[in-house]
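Here's the structure, in structure tokens; my notes come after.
We did not get these values from a lab; they are worked out from the coordinates using the rules stated. What you see is a predicted model; the values in this text were computed from it and never measured. Glycine gets a Cβ as well: all are built from the backbone with ideal geometry, and neighbour counts include every protein chain shown.
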Amino acid sequence: MKTNIPAQFQYTSAINVKSQRGITLVIAMIFLLILTMLGVTAMQSTVMEERIAGNTRDKDMAFQSAEAGLRAGEAYLTANACTPGITFAAAPNAGLINNVNGVAATVQYGSSDYWMGQPWDASDSIASGTALVGLSQQARYVIELVSGTSGLQTGAAGTTATLMYRVTARGAGGTAGSASILHSTFTVVCAF
């Protein structure tokens with residue numbers, strides 16, 4: 001039995017194969033390209049922020065190490081500044097320098113540029129003795145006698161002498177390329 005279905009209800013394919021141009025594929029590819037560019041930009045930004053955070057941490061470690069070196073130098077002076085027998089040389093010799101009345105005036109010991117060029121080893125500085133974890137090199141310091149009696153710290157009985165020192169410390173961070181140099185002035189009044 002044949003049924004007559006009106007034409008309006010009959011299923012016919014009105015899509016012409018020749019009229020398809022693939023515009024959906026092109027739009028999808030453009031969106032994919034935009035999302036890829038956004039993802040790459042986000043990754044580059046994240047990597048840059050990681051580097052900045054690492055460098056900041058390294059700088060802070062170097063500063064804290066140098067601060068520990070200053071404290072070690074000041075502790076050394078607290079214990080030994082008025083003790084006879086400490087010899088300060090005219091050049092960095094084992095970390096003790098005599099610069100009273102400009103003895104070593106040709107060298108700018110107060111300049112960070114001078115200290116950045118030094119080897120910071122046993123020939124010119126003293127190890128801080130405070131071992132901090134994660135550093136490429138432990139802190140070292142140099143003590144410079146700036147004013148007072150050079151050589152033996154002695155005087156006549158019942159007298160006092162004021163000695164002024166400059167402590168310079170170098171601290172390294174987690175990498176060899178990071179360093180921090182700090183100076184402090186330390187004054188001691190010795191009673192004899």
- Query: Under a point spin-label approximation (7 Å from Cα along Cα-to-Cβ), what is the ALA161-THR56 distance to one decimal in nm?
  - Reply: 4.9
- In nm, to one decimal, how far is the SER147 label point from the THR130 one, both placed 7 Å along Cα→Cβ? 2.8
- Query: Amide H neighbours of SER147 under 5 Å, counting only residues 5+ apart in sequence or on other chains, H built in-plane at 1.01 Å?
  - Reply: MET164
